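The values are calculated or read from the model by the stated rules, or taken from the named source; none is laboratory data. This structure is a prediction, so every number in the text was calculated from the model and none was measured. No Cβ is skipped: glycine too gets one built from the backbone with ideal geometry, and neighbour counts run over all protein chains shown. Heads up: the accessible areas ignore ligands, DNA and RNA and are worked out on the full protein's heavy atoms, side chains in. Shrake-Rupley method; radii C 1.70, N 1.55, O 1.52, S 1.80 Å.
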Amino acid sequence: MVFFIGMMILVMASIAVTYKTLTGYADFSAFSKILILLVLTASWFSPMLLRQIRQGPDFLNGAFYEFAYKFGYFMMGFVLILTMLLLLRDILWYIIYIISRKEALSPNNAHNINILNAITLMVALICSIYGLYEAHKMPKVKNISIQDERIKKPVKFVVASDFHINQSTPAWHIKKMIEAVNSQNPDYILLVGDIIDDEPDYTIKKFKMLEALKAKKIYISLGNHEYYHKPYAWMIEFSKLGFEVLQNSGGKIENTGVYVGGVPDVGSASVNYARAFEGAKDEYKILMSHAPTDFKDIDKTMFDIQVSGHTHGGQIFPFQYITKRANDGYLAGLYEKDGAKLFISRGAGYWGPPMRILAEPDIVVFEMEPAKE
């Protein structure tokens, strides 16, 4: 409740600041001002409006809803970027004015404000379009080589996370994420959560596109967004596709000398690391855990490397700094502590606004080999 109230205050303040900056110094008609206020408010509150549309008449919950979802979240991202740019612009403007003391640079000059408002709107739109492209492009492939004397023969794992497939995810984007994984010809695929982000009734057709993933075996550990949407129903659906759901469980990867254990999202369900690795002996051990926040404190003698997602690498700059702080200082890439490693994928999809800025999507290839003498 405290978080919700805080977010409401922040959103209302953002609407007020943006509206005042855009209209307070220009000769807009009353109708235009009302329209601008409505656009800002509807954009910020698009998730709530979309929820009402989905619960409305059936004729709204089809192509119209999918369009409204894409447009609404795009506008939410646009006004978020616009608000940040306006604040940054005004801070820099005041600093320059205080240093220069030139009246021509006064932040109180309505003519200058209106010109800079138009420029800022254009920059925000360009950033939003760039973010739209960045979020939907082919995920970047990152390669990590691991050599260990416990590994008996070469084996390739592809780690992917955060597809966030929902009713409105474009089919071509799902195909692109699947293609990125399959193009690496993995022996095994590890999906570390937030693959699905919707109810089964709305998403099952797009979910079944995951049948196209190709590997000897596919393992999945659930993320927080699966837990938001009937997790046990999704466990059944993943099992129907032949995926192995690792829910405080694990197993040996044939005769490779590698063991994979998985736990559910640490903030959504009961986690038992010892149970996930109770069948492990002298194998090289991989822990699948959606969020990286547990890595800091758990017993690292139980595994060799943890693979996670969840952070999206911050998704939209400058939220990298907030996201890193919220995840115990971990954001994306490879970390090491107390003899164990952690790799965090930025994820192949996106959540909320269909944008990524300075946080490109990725998948990770682990090339595992016996140690060279």
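Excluding residues on the same chain fewer than 8 positions from LYS137, give the lysines whose Cα lies under 18 Å from its Cα.
In chain and number order, the partners are LYS70, LYS175, LYS176.
What's the magnitude of the charge dipole for the stretch 96-253 around its Cα centre, counting Lys and Arg as +1 and Asp and Glu as -1 at the beta-carbon? Answer in Debye, nearest 20. Numbers along the way, then the final one.
Details: 20 positive and 16 negative charges, 126 e Å.
So the magnitude is around 600 debye.
Report the antiparallel proportion of the DSSP beta bridges in the chain as a percent, rounded to a multiple of 5. Please list the in-between numbers first.
Working: 14 of 47 bridges.
Of all bridge pairs located within the chain, approximately 30 percent are antiparallel.
Calculate, for SER106 and PHE317, the FRET efficiency according to 1/(1 + (r/R0)^6) with r their C-beta to C-beta distance and R0 35 Å; round to the nearest 0.05.
On the way: r = 30 Å, r/R0 = 0.85.
Here the calculated transfer efficiency is 0.70.
What is the calculated FRET efficiency for GLU369 to THR41, with r their C-beta to C-beta distance and R₀ = 51 Å, to the nearest 0.05? Numbers along the way, then the final one.
Working: r = 56 Å, r/R0 = 1.10.
Between GLU369 and THR41 the formula returns 0.35.
Go through ALA63, HIS229, ASN327 and say which Cα lies farthest out towards the positive end of the charge dipole of the chain; charges sit on Cβ, +1 for Lys and Arg, -1 for Asp and Glu.
ALA63
With unit charges on the beta carbons (Lys and Arg positive, Asp and Glu negative) and the dipole taken about the Cα centre of the stretch 89-156, which residue among VAL141, SER106, ALA118 sits farthest to the positive side?
VAL141
Multiply the residue gap between LEU92 and SER270 by 0.36 nm, knock off their C-alpha separation, and tell me the result in nm, one decimal place.
Working: separation 178, 0.36 × 178 = 64.08 nm, distance 4.75 nm.
Residue separation times 0.36 nm, minus the Cα-Cα distance, leaves 59.3 nm.
For a quick check of your reading of the filter: which trypsin sites (Lys or Arg not before Pro) in the stretch 212-284 sit in a DSSP loop and have no more than 16 other Cβ atoms within 10 Å?
Numbers: sites: LYS214, LYS216, LYS217, LYS240, LYS252, ARG275, LYS281; in loops: LYS214, LYS216, LYS281.
When the trypsin sites (Lys or Arg not before Pro) of the stretch 212-284 are filtered for loop state and at most 16 Cβ neighbours within 10 Å, LYS214, LYS216, LYS281 remain.
Check ASP148: other-chain or 5+ apart residues with amide H under 5 Å from its amide H, H built from backbone geometry?
Here the answer is GLU369, ALA371, since their amide H atoms fall under 5 Å of that of ASP148.
Hull surface divided by four, with the convex hull built on the Cα atoms of the chain: how many nm²? Before the final figure, lay out each step's value.
Numbers: hull surface 89.0 nm².
With every direction weighted equally, the projected area is 22.3 nm².
Using DSSP to call loops (not H, G, I, E or B), can you name the GluC sites (Glu not before Pro) in the stretch 253-350 whose Cβ has at most 16 other Cβ atoms within 10 angstrom? Walk me through the numbers before you get to the answer.
Details: sites: GLU254, GLU278, GLU283, GLU336; in loops: GLU254, GLU278, GLU283.
Within the stretch 253-350, the qualifying GluC sites (Glu not before Pro) (loop, at most 16 other Cβ atoms within 10 Å) are GLU254, GLU278.
Give a quick list of trypsin sites (Lys or Arg not before Pro) in the stretch 324-366 that DSSP marks as loop, anything other than H, G, I, E or B, with at most 16 other Cβ atoms within 10 Å. Write down the numbers at each step before the final one.
On the way: sites: LYS324, ARG325, LYS337, LYS341, ARG346, ARG356; in loops: ARG346, ARG356.
Here no loop site has a sparse enough neighbourhood.
Relative contact order of the chain, please, whole-number percent, based on alpha carbon pairs below 8 angstrom and at least 6 residues apart.
Working: 718 pairs, mean separation 73.6, N = 373.
Reported relative contact order: 20 percent.
Any idea what angle helix 171-182 forms with the longest principal axis of the chain, computed on alpha-carbon atoms, 0 to 90 degrees, nearest 10?
The angle comes out near 40 degrees.
If Lys and Arg each add +1 and Asp and Glu each add -1, what is the summed charge of the other residues whose beta carbon sits under 12 Å from the beta carbon of THR83?
On the way: positive: LYS20, ARG89; negative: ASP90.
Charge balance in the 12 Å sphere: +1.
Counting only C-alpha contacts under 8 Å and six or more residues apart, can you give the relative contact order of the stretch 68-127 as a whole percent?
Values: 23 pairs, mean separation 24.5, N = 60.
Relative contact order for the stretch 68-127 comes out at 41 percent.
Starting from the amide H of LYS142, placed 1.01 Å from N in the peptide plane, find each other amide H under 5 Å away whose residue is 5 or more places distant or on another chain.
Amide H neighbours of LYS142, under 5 Å, 5+ apart: ILE363, VAL364, VAL365.
May I ask for the angle, rounded to the nearest 10°, between helix 110-136 and the longest principal axis of the chain, with both axes built from Cα atoms and the value confined to 0 to 90°?
Once rounded, the angle reads 20 degrees.
What does the accessible area of TRP351 come to, in Å² to the nearest 10, when a probe of 1.4 Å is used?
Estimated to the nearest 10 Å², TRP351 gives 140 Å².
Apply 1/(1 + (r/R0)^6) to the Cβ-Cβ distance of LEU334 and SER183, taking R0 = 30 Å, and write down the FRET efficiency to the nearest 0.05.
Numbers: r = 22 Å, r/R0 = 0.74.
Efficiency, rounded to the nearest 0.05: 0.85.
What distance in nm separates the simple spin-label points at ALA326 and ASP148, each placed 7 Å from Cα in the Cβ direction?
Calculated label separation equals 3.1 nm.
Calculate one ³J(HN,Hα) per residue across the stretch 243-252 by plugging θ = phi - 60° into the Karplus curve 6.51 cos²θ - 1.76 cosθ + 1.60, and present them in order as whole Hz with x for glycine and proline.
So the Karplus estimates, Gly and Pro as x, are 6, 9, 7, 9, 10, 6, 8, x, x, 6 Hz.
Specify the angular offset, from 0 to 90 degrees and rounded to the nearest 10, of the alpha carbon long axis of helix 63-100 from the longest principal axis of the alpha carbons in the chain.
Orientation of helix 63-100: about 60 degrees from the principal axis.
Between TYR130 and LEU85, what is 0.36 nm times their sequence separation minus the Cα-Cα distance? Round to one decimal in nm. Don't skip to the end; give the middle numbers.
Values: separation 45, 0.36 × 45 = 16.20 nm, distance 1.51 nm.
Gain on stretching TYR130 to LEU85: 14.7 nm.
Mean separation of Cα pairs under 8 Å and 6+ residues apart, divided by the residue count of the stretch 265-373: what relative contact order is that in percent?
Across the stretch 265-373, relative contact order equals 23 percent.
Given charges of +1 on the Cβ of Lys and Arg and -1 on the Cβ of Asp and Glu, with all other atoms neutral, how large is the dipole of the chain about its Cα centre, in debye to the nearest 20? Please report the intermediate quantities before stating the final value.
Details: 38 positive and 37 negative charges, 130 e Å.
For this selection, approximately 620 debye.
What does the C-alpha gyration tensor say about the overall shape of the stretch 161-239? Classify as rounded when a/c is under 1.5, otherwise prolate if a/b is larger than b/c, or oblate. Mind showing how you got there, number by number?
Working: a/c = 1.90, a/b = 1.33, b/c = 1.43.
Note, shape of the stretch 161-239 comes out oblate.
Using a 1.4 Å probe and ignoring any ligands, DNA or RNA, find the accessible area of LYS296 and quote it in Å² to the nearest 10.
Rounded to the nearest 10, the figure is 90 Å².
If each residue of separation counts as 0.36 nm, what is the full-extension length gain between ARG51 and TRP172 once their alpha-carbon separation is subtracted?
Details: separation 121, 0.36 × 121 = 43.56 nm, distance 2.44 nm.
Length gained, ARG51 through TRP172: 41.1 nm.
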